[in-house]
Amino acid sequence: MSFSSDEVNFLVYRYLQESGFKHSAYTFGIESHISQSNINGSLVPPAALISILQKGLQYTEAEICIGEDGSEQRLTEGLSLIDAVMPDVVSNRSNHVVKVKSEGDMQVDEPINAAPVVPAATHSVNEPDIDSSLEIPASRSVVLKGHESEVFICAWNPTSDLLASGSGDSTARLWDMTNTTVPLGHQQILRHCIQKGGTEVPSNKDVTSLDWNCDGTLLATGSYDGYARIWKTDGTLSSTLGQHKGPIFALKWNKRGNYILSAGVDKTTIIWDAASGKCTQQFSFHSAPALDVDWQSNNSFASCSTDQCIHVCKLGVDKPIKSFQGHTNEVNAIKWDPQGLLLASCSDDMTLKIWSMNQEDCVHDLQAHSKEIYTIKWSPTGPGTNNPNMNLILASASFDSTVRLWDVERGACIHTLTKHTEPVYSVAFSPDGKFLASGSFDKCVHIWSTQSGQLVHSYKGTGGIFEVCWNSRGDKVGASASDGSVFVLDLKK
């Protein structure tokens, strides 16, 4: 059994992706020529690197426990990964065990000056405690299986209980949760293929983004293969949009449904004509990969990048109509408030900033998180929304394992939600704004009251949670995970 350097590179690349270091993964992938390797990513199970390291640890432990004369010695503590690379020290340590007397003259092995035991190498060191009274029972959850690799994204159709998911297995899937003419959880597989030698072959590239149009008739997907695609609800491919040179990181429909906006590693953002599938305008103002985009109106949008800049662009205008600078590290996500007046941005610089078209500097510079902020969401509340009597709130999800809720008018943190024990990748408000779902790599989905900040429901899945989303009625939460599972929680009273 042997490893090629290609295989090691692929496992490291996959580990970086699964752990949320997506920009490091991208850079590492470019430098190690991942795209030119012939490894089929869909066959590599989640957490493969950790699983192989764990097995290597067990083998090393067994090796250390066999003395030179073939006799078996007992190792008094679990090996850590660091221990494994210095077996001589460990072997020496296990030979210096002394007998001490304890109650009743029982003999107990106690190592001298032993290093602290390091937990086995897994993603989740602290297993979260879930209050059983809050726990969503298995009878109220449906686990959807079919993806062969981690599922990065999921989104409900805005008009029906059809859940879309996108995965590292180079497919998107549509799961029918309406429970009418087909079995509950029936799946349609949307295979992302590319032309090779006149035939269609799987792209073997991750599906990184997806978004439904406003009336739920079309789904757009973006992929690491550089193509955006438009699909009908019956799973047929409507059109393929090819103009980006390299992976697409984000993609959004405008409200009217006539344009799609995408952001790519090629440093550009593109507005596509949805009807023809043609590139309407390409914007090349960033000096590094564009990470996220969000429409302000039907023809203007903002984009952010690893270059630390945010640009606001308009269809038909050949320069940004506004640029915001102030972040000191890459900007991970941007979101316009429901009225398109305020733009929120979050960054690896651990800050959250609020910008207005009326001024150059940020309106608020919100500093409270102690690690990178991965994503942000506005509540569907406040003036001009369906919930005008509730205050506008902004939620931020961070690698510091917390979620924060902000009163943007005052620039103050209202609640810090602290039950997660690993990085939080996703947050989503219920349609009425009364609840917030959060998903973390601790495998938990938590549902919180936005008014009190109290935890009201919890569910523990089987893999780290990449995305959570609410259906349009606000009675179901979908989630997608690193172990290839997708699940739906039924929150009906």
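Please note which helices (runs of 4 or more DSSP H) are completely contained in region 1-94 and include at least 2 residues that are modelled with pLDDT under 85, under 27 Å from T306 (Cβ atoms) and of a type in the set (G, A, S).
Per the criteria, no element qualifies.
For region 288-319, how many residues are outside any strand (DSSP E or B) and either among the basic types (K, R) or under 22 Å from L352 (Cα atoms) (or both)?
Here the count works out to 7.
Quick check on G411: is it out of contact with any helix residue (DSSP H, G or I) (no Cβ under 6 Å at 6 or more places or on another chain), crowded, with 21+ Cβ neighbours inside 10 Å and in contact (Cβ under 8 Å) with a residue 12 or more places away in the chain?
Working: out of contact with any helix residue (DSSP H, G or I) (no Cβ under 6 Å at 6 or more places or on another chain): yes; crowded, with 21+ Cβ neighbours inside 10 Å: no; in contact (Cβ under 8 Å) with a residue 12 or more places away in the chain: yes.
Criteria not met by G411.
Kindly indicate which of K335, K377, K371, K353 is in a loop (DSSP other than H, G, I, E, B) and basic (K, R).
K371
Which pairs do you get when a residue that is in contact (Cβ under 8 Å) with a residue 24 or more places away in the chain, found in region 348-364, comes within reach of a residue that is small (G, A, S) and surrounded by 20 or more Cβ atoms within 10 Å (Cβ to Cβ), reach meaning Cβ atoms under 7 angstrom, with the pair 6+ apart or on two chains?
Note: pairs meeting the criteria are L352/A344; L352/S396; K353/S345; I354/A344; W355/S345.
May I ask you to say which residue of Q367, Q359 is farther than 30 Å from T421 by Cβ and open to solvent by 50 Å² or more (accessible area, probe 1.4 Å)? Steps first, please.
Details: Q367 fails: farther than 30 Å from T421 by Cβ.
Going through Q367, Q359 in turn, just one is farther than 30 Å from T421 by Cβ and open to solvent by 50 Å² or more (accessible area, probe 1.4 Å): Q359.
Quick check on my filter: what residues within region 186-201 are exposed (fewer than 14 other Cβ atoms within 10 Å of the Cβ) and of a type in the set (V, I, T)?
Once the filter is applied, which keeps residues that are exposed (fewer than 14 other Cβ atoms within 10 Å of the Cβ) and of a type in the set (V, I, T), region 186-201 yields I189, T199, V201.
Do you know which residues across region 409-422 are under 25 Å from the mean Cα position of the chain (by Cα), of a type outside the set (S, T, Y) and in a loop (DSSP other than H, G, I, E, B)? Outline the logic, then answer.
As a first pass, look at region 409-422 and keep what is under 25 Å from the mean Cα position of the chain (by Cα): 413-422.
Remaining after also requiring of a type outside the set (S, T, Y): 413-415, 417, 419-420, 422.
K419, H420, E422 - these are the residues of region 409-422 that are under 25 Å from the mean Cα position of the chain (by Cα), of a type outside the set (S, T, Y) and in a loop (DSSP other than H, G, I, E, B).
So which residues in region 202-220 are open to solvent by 40 Å² or more (accessible area, probe 1.4 Å), over 22 Å from G257 (Cβ atoms) and outside any strand (DSSP E or B)?
N204, K205
Mind listing whichever residues of region 229-246 are in contact with a Phe, Trp or Tyr (Cβ under 7 Å, 6 or more places away or on another chain) and buried (at least 22 other Cβ atoms within 10 Å of the Cβ)?
Within region 229-246, just L241 meets the criteria.
Test of understanding: among F324, F285, which residue is closer than 26 Å to K22 by Cβ, among the aromatic types (F, W, Y) and surrounded by 19 or more Cβ atoms within 10 Å (Cβ to Cβ)? Give the derivation first.
Values: F285 fails: surrounded by 19 or more Cβ atoms within 10 Å (Cβ to Cβ).
Criteria check complete, one pass: F324.
Please enumerate the residues belonging to region 131-152 that are open to solvent by 70 Å² or more (accessible area, probe 1.4 Å) and free of Cβ contacts under 8 Å to residues at least 40 places away in the same chain.
S132, S133, A138, S139
Which pairs turn up if I take residues in region 18-29 that are on the phi > 0 side of the Ramachandran plot and look for partners that are open to solvent by 10 Å² or more (accessible area, probe 1.4 Å) and not in a helix (DSSP H, G or I) with beta carbon separation below 6 Å, at least 6 apart in sequence or on another chain?
The qualifying pairs are G20/P423.
Does any residue of region 395-405 turn out to be free of Cβ contacts under 8 Å to residues at least 12 places away in the same chain and assigned to a loop (DSSP other than H, G, I, E, B)?
Of all residues in region 395-405, those free of Cβ contacts under 8 Å to residues at least 12 places away in the same chain come to none.
Among the residues of region 395-405, not one is free of Cβ contacts under 8 Å to residues at least 12 places away in the same chain and assigned to a loop (DSSP other than H, G, I, E, B), which makes the answer no.
Quick one: which of D225, D266 is open to solvent by 20 Å² or more (accessible area, probe 1.4 Å), in contact (Cβ under 8 Å) with a residue 12 or more places away in the chain, under 22 Å from the mean Cα position of the chain (by Cα) and closer than 23 Å to N299 by Cβ?
So the residue among D225, D266 that is open to solvent by 20 Å² or more (accessible area, probe 1.4 Å), in contact (Cβ under 8 Å) with a residue 12 or more places away in the chain, under 22 Å from the mean Cα position of the chain (by Cα) and closer than 23 Å to N299 by Cβ is D266.
List pairs: first in region 229-245 and without any contact (Cβ under 8 Å) to a residue 60 or more places away in the chain, second among the acidic types (D, E), Cβ under 6 Å, 6+ apart or cross-chain?
Within 6 Å, the pairs are H244/D266; K245/D266.
If we keep just the residues of region 428-468 that are part of a loop (DSSP other than H, G, I, E, B) and open to solvent by 20 Å² or more (accessible area, probe 1.4 Å), which is nearest to E372 (Cα to Cα)?
Filtering region 428-468 for residues part of a loop (DSSP other than H, G, I, E, B) gives 430-434, 441-443, 450-454, 461-464.
So of that shortlist, the ones also open to solvent by 20 Å² or more (accessible area, probe 1.4 Å) come out as 431-432, 434, 443, 451-452, 454, 462.
Working: P431: 27, D432: 28, K434: 26, K443: 19, Q451: 25, S452: 25, Q454: 24, T462: 25 Å.
Ranking the candidates gives K443 first.
Could you check region 175-230 and list, in sequence order, the residues that are out of contact with any Lys or Arg (no Cβ under 8 Å at 6 or more places or on another chain) and β-branched (V, I, T)?
T178, T180, T181, V182, I194, T199, V201, V207, T208, I230
The values are calculated or read from the model by the stated rules, or taken from the named source; none is laboratory data. Keep in mind that what you see is a predicted model, and the values were worked out from it rather than measured. Cβ coordinates were reconstructed from backbone atoms using ideal geometry, including for glycine residues, and neighbour counts include every protein chain displayed. We work out accessible area using only protein heavy atoms, side chains counted, and drop any ligands, DNA or RNA first. Shrake-Rupley method; radii C 1.70, N 1.55, O 1.52, S 1.80 Å.
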